[in-house]
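Input: a single structure, listed below in structure tokens.
The values are calculated or read from the model by the stated rules, or taken from the named source; none is laboratory data. What you see is a predicted model; the values in this text were computed from it and never measured. Because the Cβ atoms are built from the backbone with ideal geometry, glycine has one as well, and the counts that use them run over all protein chains shown. Accessible surface is based on the protein model in full, side chains and every heavy atom, while ligands, DNA and RNA are left aside. Shrake-Rupley method; radii C 1.70, N 1.55, O 1.52, S 1.80 Å.
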Amino acid sequence: MPTKKYIIANWKMNLSLAQTISLAKEFKKEFAGFSRGEIAVCPSALFLTEAAAIFKGSAIKLGAQNASWENKGAYTGEISADMLSDVGCRYVILGHSERRKYLFENYEMIHKKVRAVLEIENLTPIVCIGESIEEKKSDRRDFVLVDQLQQALSGIDVFGEQEIIVAYEPIWAIGTGMAIEPAEAEYAHKIIKLALNDMFGMQVNNKNFRIIYGGSINAQNVKGFTNLENMDGLLVGGASLKAEEFYKIAQTITK
Ligand code: PEP
């Protein structure tokens with residue numbers, strides 16, 4: 001069973017160039033010598049090159065917040081997985097609920113993006129799934145999670161050491177300060193684990209898939225998320241904008 005935890009910072013569209021450089025430097029300082037887990041930072045695509053230069057020589061990996069499903073051509077405004085890899089990305093968040101909400105991304109698109117990312121060596125997709133508050137209230141969460149997984153990943157071939165990270169992010173928990181109850185996260189991760197077993201078999205699932213949680217994690221509530229079954233790490237938004245707090249989160253979850 002995997003023991004390495006993944007702690008991913010999603011800086012979204014929050015920082016200017018100067019702020020990105022300054023926070024990246026703080027992260028590098030804060031995480032110097034940290035080897036207990038995999039740390040990745042996803043800044044704005046526009047500033048990936050600057051962040052890459054700062055993280056060089058550190059253990060902090062670079063991630064992007066989105067990728068095109070096309071690899072090249074007349075797709076104005078898009079950025080291909082190949083280009084992300086070119087500037088040093090190791091991870092790409094795909095299908096974040098904010099993109100599903102504001103840009104009408106759907107799982108057909110997300111499926112194509114996963115395929116495009118998996119074409120690129122050493123690039124790992126972080127595939128976001130999660131129920132809305134209405135789906136939660138009407139007791140449809142389990143169905144929704146399995147359906148999203150199937151739409152995003154069915155028919156995808158997973159080879160060798162390829163990694164796919166599934167981020168369970170209940171939409172109602174993102175940026176609201178209302179993290180899920182840890183026991184509920186554990187239950188949802190179990191549902192995801194079983195669905196992935198069905199789709200890919202237990203061996204591939206255990207070897208190639210990881211399941212992380214995202215939604216209002218902070219330095220206080222993270223304690224409840226340690227030692228949960230099938231909890232391979234965290235995707236952190238708001239609390240990743242402070243280096244010290246993000247470091248505390250990483251320290252706690254990797255204990
Ligand atoms: C996110 O946007 O992926 C996220 C988890 O945000 P927050 O931590 O702010 O809820």
Problem set entry | Ellipticity estimate at 222 nm from DSSP helix runs (n ≥ 4, -39,500 (n - 2.57)) divided over the chain, nearest 500 | -11500 deg cm²/dmol
For this session: Work out how far the C-alpha atoms of the chain reach from end to end along every principal axis, then list the three figures in whole Å, largest first.
Result: 46, 44, 35
Exercise. At what distance in angstrom do the alpha carbon centres of segment 27-84 and segment 186-255 lie from each other?
Worked result: 20
Problem set entry | Cβ-based net charge around Lys4, under 15 Å, with every Lys or Arg adding one and every Asp or Glu removing one | +3
Seminar exercise, completed: At R0 = 41 Å the Cβ-Cβ FRET efficiency linking Thr76 and Asn197, nearest 0.05, sits at 0.50
Seminar exercise, completed: HN-Hα couplings for segment 218-226 via Karplus (6.51, -1.76, 1.60; θ = phi - 60°), in whole Hz with x for Gly/Pro, come out as 9, 5, 7, 6, 4, 3, x, 9, 7
Problem set entry | For segment 1-138, alpha-carbon Rg over 2.2 N^0.38 Å | 1.09
Seminar exercise, completed: In nm, the gap between the two label points placed 7 Å beyond Cα toward Cβ at Ser22 and Ala183 is 4.4
For this session: Taking only Cα atoms and a 10 Å spring cutoff, compute GNM fluctuations for the chain and point out the largest among Ala81, Ala32, Ala45.
Result: Ala32
Problem set entry | Backbone N within segment 70-84 under 13 Å of label point (7 Å from Arg115 Cα along the Cβ vector) | 70-71
Seminar exercise, completed: Expressed in square angstrom to the nearest 10, the accessible area of Asp142 with a 1.4 Å probe stands at 50
Exercise. Counting only pairs 8 or more places apart or on different chains, how many lysine pairs in segment 1-152 have C-alpha atoms closer than 15 Å?
Worked result: 11
For this session: Normalising by the residue count of segment 49-204, find the relative contact order in percent from Cα pairs under 8 Å and 6+ residues apart.
Result: 19
Exercise. At a probe radius of 1.4 Å, what is the per-residue accessible area of Lys56, in Å² to the nearest 10?
Worked result: 150
